[in-house]
Every structure is written in structure tokens, then in C-alpha cells.
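In what follows, a structure is listed as C-alpha cells, so that the remarks can point back to it.
Laboratory data are not the source of any read-out in this text; all were calculated from the coordinates shown. Here the structure is a predicted model, which is why all the values come from computation and not from measurement. Here the Cβ is made from the backbone with ideal geometry for all residues, glycine too, and neighbour counts use every protein chain on show.
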Amino acid sequence: MDGGADGPVEPAAHSPLCPQGGDGGARPPDRLAPDGDDTVGALRRLGPLPAAAGLGLGIAHVGEPRLRPAGPAEESAVAPMPARRRLEFLAGRHAARRALRAVGLECGEIPRSGRLPVFPRGRAASISHSAGVAVAVARGPGEDAPLGCDLELRPLPYAAARLVLGPDEERLLGTAAGARGGPWSLTGLFSAKEAAWKALCLAAGQTVTAPTGTLRDLRAEPCGDALCIAPRTGPACAVRVRVLPVGAGVFSYALGWADAAGRSTPAPTARRS
């Protein structure tokens, strides 16, 4: 679960299910997907939906034959990594470059500062990877809409609900996700919160205060076929997030900002959750 932008956030070290540096104890091991080609194809078929929200979508898989560092900074970053993490890192960078290319922007190597990807000025992308598949979303230059995505290809066990949801959110489990959607799953709610967290963090230093704490400190509310997610305390901004099924998992991405009533708004609007 990586993310990034001009002032980027990469792995979600805040997440109680994904501690910094490895898989969370409550989460199934993130093994490589045996059906990676099928997953990539399913994500590609979803591409028109992010595109309708102004997002470029990029996809990569660790099994691609030409995953190479794009420059010395990436080479230095992957040098100490185990083989699996090296491939995930490079797939994520390739996905980010493809997402940027989809909105008409070229990007060379994407180094990092600590765990944070560093993009050239005027470029922004959010990266996520799961089970050997990497995905990224990007917006065109001058766009102020929130930017965040998350890919979860392994369903979360129900026992993990207490690490993701507040007591007031548990009622969402199994309820219909809008007029045409299936029931909200724990994996979908977790993924939506991850995407929203990234979007709020990427906006830090501009007009939005980044959340602190854990995913339980974000509150999700149904918003038509999407979710509105905002920090529980203090003036903040809500993010509208769409969750799409991908096989047994989900892909989530930020659609835009929302006001206090959950309505779409072109600019961040302070609200109290």
C-alpha cells in the first residue's frame, strides 16, 4: 500500500494492519498472485472509471521482464532490498510513470526520501501494490482534487474489524454499497480508508490537515455509491472514495472532495466529523 505525490506518502506506516517494514499480524500474507495476468486485465478494464474522474491509471506486475531502475537513485534505493521487495518497488515506480503518462506527463526516475517517493515538481501520483501487482493513479498538471489509491487483493479476516472500524462504523458491514453496489466488506472499507488517508496526507501543507493515529481515527459514511471519509476530530476535509471489486479483492481511489453533507465539492471544505 504505497502512495506518493509532490509532497508524497508511500507505505501506510500508520496502518495497524501494515506496520512499517512488513505485513501486519492481522492480515493475510501478501503472497504473489498466481493469476497476476488476470488481475492486471481486470484492473485495465476498470480504467475508464478512474479516467472519468480525471485520473490516469498505471498498472505493473512483478513478473514483467523489464523491471529495471530508471536511474541511479532508484538503483541505490533497491540495492539493499530483498528480491521480492525490490520487484514490488520497481513495479510501483513503473506503475506511477504509466499513470503520469496517461495524463500527458513524462517522468524519469522516482527516488525516495526515507519511505517517501519524491516526484519532480509538477508531477503527482499515488502508488499501491498487493500480491505482486502494482497500481498508481495520477492527475494532470494544475489539478487540486485529492489523490490517493489502494489495492487489496487478499481479503481481510473479520477479526481485523476492530483495527479498522469504530463501533459506529461496524453497521456498514454487509449493507448495500449504494443503489447498484454489493455489500460493503471489511476489505473494501479498509481499502477506502487507506486511499482517503493518502489523499489527506498528500494535501498536507496546502489546505488540508493530515490525519494522525490509525485508520479508526477516520470515519466512513455512505455517500451514494461511494464513501465519504474524514478525520473524526478537528476541522478537516472529507474525501469521496470509490471502491471497485477486483477478483476477491478491491481497488479504491479518491474521487474528489466532499462537503459536510457528503456532496461533491471542487475544493476542500472544512468540516467537523
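Our estimate of slack between SER76 and ARG171, defined as 0.36 nm per intervening residue step minus the Cα-Cα distance, is 29.5 nm. Applying 1/(1 + (r/R0)^6) with r as the Cβ-Cβ distance of ARG68 and ASP38 and R0 = 22 angstrom yields a FRET efficiency of 0.35. Step through the residues of segment 38-51 one at a time and calculate ³J(HN,Hα) from phi using the Karplus curve (6.51 cos²θ - 1.76 cosθ + 1.60, θ = phi - 60°), rounding each to whole Hz and writing x for Gly and Pro. Per residue, the Karplus-derived 3J(HN,Hα) values read 5, 5, 4, x, 5, 5, 4, 5, 7, x, x, 6, x, 4 Hz.
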